[in-house]
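Structure first, commentary second.
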Amino acid sequence: MPATAMLLGVDLARFAPVAGQVVVLAAVATAAGFAAWLLSTWFEGRLALESVHGGYLLPTVAAALVASVATHEVGVGWLSWPALGVGVFFWGVMTGLLLIRLAFRPALPGPLVPTMAILVAPPAVATLSVFALTDGAVTLPVQAIAGLGVLMVLVQLALLPRYVRLAFSLGFWSFVFPAAAVATASVEWFRALALPSAWIPTAVLLALLSVLVAVVGARSIGLAVHHLLGQAERTLHDADDEDAAPGPVTGATRGV
């Protein structure tokens, strides 16, 4: 995933600035190429509304917003604001499509239900991006984004009863990135507001995130140990195919 490569490039830049820049720029170019390909494919009318789920937010919205932060961190600031613009564009497009799909089409198959958690990732990563580009200033845009973020977190809390009824699947990894993004954005807010004893909520968030990663990781390792990983991957793939099947309203073919 290009976003992961961008983050690795930022870490590499601390020890080898030029190499880090190369990795980040290559990842940004890859993400931009994918975004262009995705849009061109949609323009062919081959996207079934049923095939849209939260996973689409990662290679589009998240990649662009992470690119905004990563390019700023490695000293390629001229790309940071354009990347933020692309991320905000995809955020509006993808969230609109996703909300329409969730509201008016059949419910997501069980293994894909965790992808609804990805809805909280865009405002969290956008918060990090705006803070990075404004040197941590509490500006009106970042406050507006925070409002959207709080709303999305409240939606996830309302969805908790549905989540706890789910059988474990590899789709549970969809919880990890959004949780990490929200935790990181929260810590940035603690810093920006200079909250006293901010280390306490920071430690709590870190502990909760660590528990989440440990549980999902342990369950996934358990699947591998019992030679069920391949079956779990097929289950997730079959759920994606089932979700992409056109319903009675749309006659579109299976989406990309």
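Taking the stretch 150-188 as the search range and keeping residues that are of a type in the set (F, W, Y) and over 17 Å from the mean Cα position of the chain (by Cα), which one is nearest to A132 (Cα to Cα)? Only one residue tops the list, namely Y163. Scanning the stretch 57-90 for residues that are surrounded by fewer than 24 Cβ atoms within 10 Å (Cβ to Cβ) and hydroxyl-bearing (S, T, Y), we see that the one that is nearest to P111 (Cα to Cα) is T60. Can you say whether A62 is under 20 Å from S174 (Cα atoms), touching a helix residue (DSSP H, G or I) at 6+ places or on another chain (Cβ under 7 Å) and among the hydrophobic types (A, V, I, L, M, F, W, C), as far as the supplied structure shows? Yes. Each residue in the stretch 184-197 was checked for being part of a loop (DSSP other than H, G, I, E, B) and either farther than 21 Å from P123 by Cβ or at pLDDT 90 or above (or both), and 4 pass.
May I ask you to verify whether L39 is within 27 Å of F104 (Cβ to Cβ), more than 18 Å from the chain's Cα centre (by Cα) and part of a helix (DSSP H, G or I)? Yes; evaluated as a whole, the condition is true for this residue.
Can you tell me which condition V138 does not meet? The list is (1) over 17 Å from L65 (Cα atoms); (2) hydrophobic (A, V, I, L, M, F, W, C); (3) assigned to a helix (DSSP H, G or I); (4) without any contact (Cβ under 8 Å) to a residue 60 or more places away in the chain, and all the others hold. The one condition V138 does not meet is (3).
Residue selection: S80 fails the criterion of being touching a helix residue (DSSP H, G or I) at 6+ places or on another chain (Cβ under 8 Å), in contact (Cβ under 8 Å) with a residue 60 or more places away in the chain and polar (S, T, N, Q). Has the stretch 117-126 got any residue that is surrounded by fewer than 21 Cβ atoms within 10 Å (Cβ to Cβ) and aliphatic (A, V, I, L, M)? So far as the stretch 117-126 goes, no, none of its residues is surrounded by fewer than 21 Cβ atoms within 10 Å (Cβ to Cβ) and aliphatic (A, V, I, L, M).
The residues on offer are S174, S210, S197, S169, and the sole one that is in contact with a Gly (Cβ under 8 Å, 6 or more places away or on another chain) and either surrounded by fewer than 13 Cβ atoms within 10 Å (Cβ to Cβ) or over 22 Å from L65 (Cα atoms) (or both) is S169.
The values are calculated or read from the model by the stated rules, or taken from the named source; none is laboratory data. Model, not experiment: these values are computed from the prediction. Note: ideal-geometry Cβ built from the backbone for every residue, glycine included; neighbour counts use all protein chains shown.
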